[in-house]
Amino acid sequence: MAEPAKQQQQPTQEQIVEEDEFEEFAVEDWDASAEDPANAALWEQDWDDDNIQDDFSQRLKAELQRQMQQQQQGAGK
Amino acid sequence: MSFAAYLQAVGACIARQDGPQLRDLVTIDSGAAQQAVMQARQGNPGWNPAHATSRLPEGWAEFFSSHCACLVALQDGSRVEAYEKAVAALHPFLKVFREDAGAWVVSPMHSVVHNLRSIAQMADHELRRAGQRPDKLGDCGDQLRKCFAVSLQAPGNKDKKLAALDIVNLSIKIYFRLNTLRLCKNLMRTVDSRQFAAFNAFPAAQRVTYKFYVGRLAVFNENYQEARASLEYALQHCHRAAQHNKALVLKYLVPVQLLLGHLPSPALVAAHQLHQYEPIIAAMRSGDVKLFNDTMDAQQFRFIQEGTYLLLEKLRYAVFRRLLRKVHAVHAKLEPEKRAQIPLAQFQAALATQGLELDMDEVECIAANLIFRKYVKGYLSHKAKVMVVAKTDPFPPLDTAALAD
């Protein structure tokens, strides 16, 4: 093929659309044994908690404490 | 294979109603067919397949006459002409499909429709290069509609309905290419209807392909729950060796899952090479808005090319929400009696800690949006610059918020 380096630069609209298209499978039909068990794998849902043990939360706590103290000192004057 | 031998093989298939074998002989990729036609034309430039094919049973004779003429045109590099011949072949084929009592014609139908689409694409390529309007793929969509109607009708044998899903998939692919997505809706409605054969009656390849496109369309229409269900089906049932297709499913499934608040586990990321999502996942986990913004900036071109940029952009509010949730938790620790009243200044300070200097107007705007989009339950006191959140469950799960969009 001519100029393979040039072809790699900007994919044409056609190429983008082609890459986005579902390919024909090599086989027409299969059962569960041909599936990949890893695909049913884990999506995490319990990450969304109120845990504040992480570094950032600790820094935030320190920062907010500092701000509160400043405010109290300011109000005291 | 000589042309005579090819016709003999074809005739034998028809006689014993061997669908799969006939399908192999009819596909334009059939080496045997191409060789047979080439051989017939050798030393016989004016060769016309009509005479030789006339010996085949009625209907099939007309089909193969046009089909072989199509192969001739392809060999001559005349793709537009080949398309015309392929369309001409369709009419007698549909007649045979209608009139034959058996469902064995479903297999050859597969090749007929796939041929039509492949040749339409080639023809459009040729037209484009000649500076003409590429209208063959659109025409192919119309032809497929006829095939679909006949298959759905299934005259004489209910099992002819099993040709339908393949035709649906091809039609959808065409609509995606031509960007006429609204045409998918009616097709999909028909698939769900009682007219259609049971979904599980179709082969896995067709079911997985269909579910992928249902999922993609749902993403386009912002129905994220629907998208997730369909794309998960496609991923789960995808053949393990089909890497390209698996990657394609994940390309859309991962952003959808993120929007719904489900993070890909490290195992999933590793197994499917989803490393470009790692910073986004980290940002969502920790509420790191700066990391999210920086990642979106750095990966902008890549995500745009992959077609997921706009989807991922929607995650920004999920990251703000997470940060606010942390602020709420820290604030509750420091001032338990006032836990439900979060001073916006604290939200502002949290952002500043990440290196994001936003003025109060901007912070208030973000807070208002979080409430409006139902990421947070509460209200804003503009005067006091305080966000008052619900005492119970102020941060509903992400998959309830995304639905409100």
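Residues in region B:1-57 that are touching a Phe, Trp or Tyr at 6+ places or on another chain (Cβ under 7 Å), at pLDDT below 95 and polar (S, T, N, Q): B:39, B:53.
Restricting attention to region A:32-73, the residues that are more than 7 Å from every other protein chain (Cβ to nearest Cβ) and closer than 30 Å to residue B:273 by Cβ add up to 7.
With respect to residue B:273, determine if the residue is outside any helix (DSSP H, G or I) and either within 25 Å of residue A:61 (Cα to Cα) or open to solvent by 40 Å² or more (accessible area, probe 1.4 Å) (or both).
Numbers: outside any helix (DSSP H, G or I): yes; either within 25 Å of residue A:61 (Cα to Cα) or open to solvent by 40 Å² or more (accessible area, probe 1.4 Å) (or both): yes.
Judged against the criteria, residue B:273 is a match.
Annotation note: Cβ proximity below 8 Å between a residue of region B:257-273 that is more than 8 Å from every other protein chain (Cβ to nearest Cβ) and a residue that is acidic (Asp, Glu) (sequence gap 6+ or interchain) occurs for B:260/B:399; B:269/B:278.
Select from region B:340-364 the residues that are outside any strand (DSSP E or B) and farther than 25 Å from residue B:293 by Cβ and list them in ascending order. Answer for region B:340-364, where residues must be outside any strand (DSSP E or B) and farther than 25 Å from residue B:293 by Cβ: just B:340.
Criterion first (more than 29 Å from residue B:140 (Cβ to Cβ), open to solvent by 40 Å² or more (accessible area, probe 1.4 Å) and either out of contact with any Ser or Thr (no Cβ under 9 Å at 6 or more places or on another chain) or not in a helix (DSSP H, G or I) (or both)) does residue B:247 satisfy it? Outline the logic, then answer.
Numbers: more than 29 Å from residue B:140 (Cβ to Cβ): no; open to solvent by 40 Å² or more (accessible area, probe 1.4 Å): yes; either out of contact with any Ser or Thr (no Cβ under 9 Å at 6 or more places or on another chain) or not in a helix (DSSP H, G or I) (or both): yes.
Here the answer is no, as residue B:247 does not meet what is asked.
Would you check if residue B:367 is open to solvent by less than 10 Å² (accessible area, probe 1.4 Å), in a helix (DSSP H, G or I) and modelled with pLDDT under 95? It is false that residue B:367 is open to solvent by less than 10 Å² (accessible area, probe 1.4 Å), in a helix (DSSP H, G or I) and modelled with pLDDT under 95.
The residues on offer are B:135, B:142, B:76, and the sole one that is in contact with a Leu (Cβ under 8 Å, 6 or more places away or on another chain), away from chain A (no Cβ under 14 Å) and free of Cβ contacts under 8 Å to residues at least 12 places away in the same chain is B:135.
In this structure, residue B:133 does not satisfy being in a helix (DSSP H, G or I) and either in the same structural domain as residue B:169 (by TED's automatic domain parsing) or β-branched (Val, Ile, Thr) (or both). Screening residue B:230 on (1) under 15 Å from the mean Cα position of the chain (by Cα); (2) open to solvent by less than 10 Å² (accessible area, probe 1.4 Å); (3) within 12 Å of another protein chain (Cβ to nearest Cβ) shows it passes everything except condition (3).
Could we say that residue B:144 is at pLDDT 95 or above and open to solvent by less than 10 Å² (accessible area, probe 1.4 Å) here? Reasoning before the result, please.
Values: at pLDDT 95 or above: yes; open to solvent by less than 10 Å² (accessible area, probe 1.4 Å): yes.
In short, yes.
Scanning region B:159-173 for residues that are more than 16 Å from residue B:220 (Cα to Cα) and touching a residue at least 40 places away in the same chain (Cβ under 8 Å) yields B:159, B:160, B:162, B:163, B:165, B:166, B:167, B:168, B:169, B:170.
For region B:370-386, how many residues meet the condition of being of a type in the set (A, V, I, L, M) and open to solvent by 20 Å² or more (accessible area, probe 1.4 Å)? If you could, list the steps in order and put the result at the bottom.
As a first pass, look at region B:370-386 and keep what is of a type in the set (A, V, I, L, M): B:370-371, B:376, B:380, B:384, B:386.
Of the ones still in play, those that are also open to solvent by 20 Å² or more (accessible area, probe 1.4 Å) are B:371, B:380, B:384, B:386.
Within region B:370-386, residues that are of a type in the set (A, V, I, L, M) and open to solvent by 20 Å² or more (accessible area, probe 1.4 Å) number 4.
Hey, among B:325, B:302, which residue is crowded, with 16+ Cβ neighbours inside 10 Å and out of contact with any strand residue (DSSP E or B) (no Cβ under 9 Å at 6 or more places or on another chain)?
B:325
Residues in region B:157-181 that are farther than 18 Å from residue B:194 by Cα and open to solvent by 20 Å² or more (accessible area, probe 1.4 Å): B:176, B:177, B:178, B:179, B:180, B:181. Any residue in region A:13-26 that is facing chain B (nearest Cβ under 8 Å) and assigned to a helix (DSSP H, G or I) sitting within a Cβ distance under 6 Å of a residue that is surrounded by 13 or more Cβ atoms within 10 Å (Cβ to Cβ) and at pLDDT 90 or above? List the pairs, counting only those 6 or more apart or interchain. Qualifying pairs under 6 Å: A:17/B:177.
Restricting to region B:258-299, name every residue that is of a type in the set (Lys, Arg) and at pLDDT 95 or above. Show your work before the answer.
Here is the first cut: in region B:258-299, the ones of a type in the set (Lys, Arg) are B:285, B:290.
Passing the criteria: only B:290.
When the residues of region B:23-66 are filtered to those that are part of a loop (DSSP other than H, G, I, E, B) and touching a residue at least 60 places away in the same chain (Cβ under 8 Å), the one that is nearest to residue B:11 (Cα to Cα) is B:27. Listed by first and then second residue, the pairs with beta-carbon distance under 8 Å, at least 6 apart or on different chains, first residue in region A:57-77 and open to solvent by 100 Å² or more (accessible area, probe 1.4 Å), second modelled with pLDDT of 90 or more, are A:59/B:353.
Can you work out which of the residues in region B:334-364 that are closer than 22 Å to residue B:396 by Cβ and open to solvent by less than 30 Å² (accessible area, probe 1.4 Å) is farthest from the other protein chains (Cβ to nearest Cβ)? Selected residue: B:364.
The set of residues in region B:182-217 being surrounded by fewer than 20 Cβ atoms within 10 Å (Cβ to Cβ), among the polar types (S, T, N, Q) and farther than 18 Å from residue B:153 by Cα consists of B:200 alone.
Counting the residues of region B:1-22 that are open to solvent by 80 Å² or more (accessible area, probe 1.4 Å) and either acidic (Asp, Glu) or not in a helix (DSSP H, G or I) (or both) gives 3.
Residue B:241 falls short on exactly one of the conditions (1) surrounded by fewer than 22 Cβ atoms within 10 Å (Cβ to Cβ); (2) assigned to a helix (DSSP H, G or I); (3) among the hydrophobic types (A, V, I, L, M, F, W, C), and that condition is (2).
The values are calculated or read from the model by the stated rules, or taken from the named source; none is laboratory data. All figures in this text were calculated on a predicted structure; none of them were measured in a lab. Using ideal geometry, Cβ is built from the backbone for each residue, glycine included, and neighbour counts are taken over all protein chains shown. Quick note on the areas: whole protein, heavy atoms, side chains included, nothing else; ligands and nucleic acids left out. Shrake-Rupley method; radii C 1.70, N 1.55, O 1.52, S 1.80 Å.
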